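Below is one structure, written out as structure tokens; the observations come after it.
Quick note: the coordinates plus some simple rules give every number you see, no bench work behind them. In this text the structure is predicted, and so the values were computed from the model without any measurement. Glycine also receives a Cβ, built like all others from the backbone with ideal geometry; neighbour counts cover every protein chain displayed.
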Amino acid sequence: MAAGPPPPLEPSPLPTFAEEGFGEKFLRKTRENPLVPLGCLCTVGVLAYGLISFRKGNTRRSQLMMRARVVAQGFTFAALLGGMVATAIKSR
């Protein structure tokens, strides 16, 4: 029995996605993981208040705010990782 060459493979069609602008993508990502933008806002707020305190000469409050900024950044990072884990688990 002589076998001929295998039949040619048909390429599968690629999925198409709708165009998504910056605003739509930002809103979608915010709805998926609302803690990340909240953490970013807290980080910026604490940083701004710390810089204002530094400029006014209140070094004690400035140092406290810089430490609070590190905590806020840690919260943002933890929220980002948590969102990634939740998305990975949901996609399975």
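Could you count how many residues in region 21-45 are surrounded by fewer than 10 Cβ atoms within 10 Å (Cβ to Cβ) and part of a loop (DSSP other than H, G, I, E, B)? Spell out the reasoning first.
Kept after step one, since they are surrounded by fewer than 10 Cβ atoms within 10 Å (Cβ to Cβ), are these residues of region 21-45: 21-23, 31.
Next, from what is left, pick out any that are part of a loop (DSSP other than H, G, I, E, B): 21.
The qualifying residues number 1.
When you look at I52, is it hydrophobic (A, V, I, L, M, F, W, C) and exposed (fewer than 10 other Cβ atoms within 10 Å of the Cβ), yes or no? Outline the logic, then answer.
Numbers: hydrophobic (A, V, I, L, M, F, W, C): yes; exposed (fewer than 10 other Cβ atoms within 10 Å of the Cβ): no.
For I52, the condition - hydrophobic (A, V, I, L, M, F, W, C) and exposed (fewer than 10 other Cβ atoms within 10 Å of the Cβ) - is not met.
Given A48, A79, A86, which one is in contact (Cβ under 8 Å) with a residue 40 or more places away in the chain, out of contact with any Leu (no Cβ under 9 Å at 6 or more places or on another chain), assigned to a helix (DSSP H, G or I) and among the hydrophobic types (A, V, I, L, M, F, W, C)? Walk me through how you get there before you give the answer.
Details: A48 fails: in contact (Cβ under 8 Å) with a residue 40 or more places away in the chain; A79 fails: out of contact with any Leu (no Cβ under 9 Å at 6 or more places or on another chain).
Among A48, A79, A86, only A86 is in contact (Cβ under 8 Å) with a residue 40 or more places away in the chain, out of contact with any Leu (no Cβ under 9 Å at 6 or more places or on another chain), assigned to a helix (DSSP H, G or I) and among the hydrophobic types (A, V, I, L, M, F, W, C).
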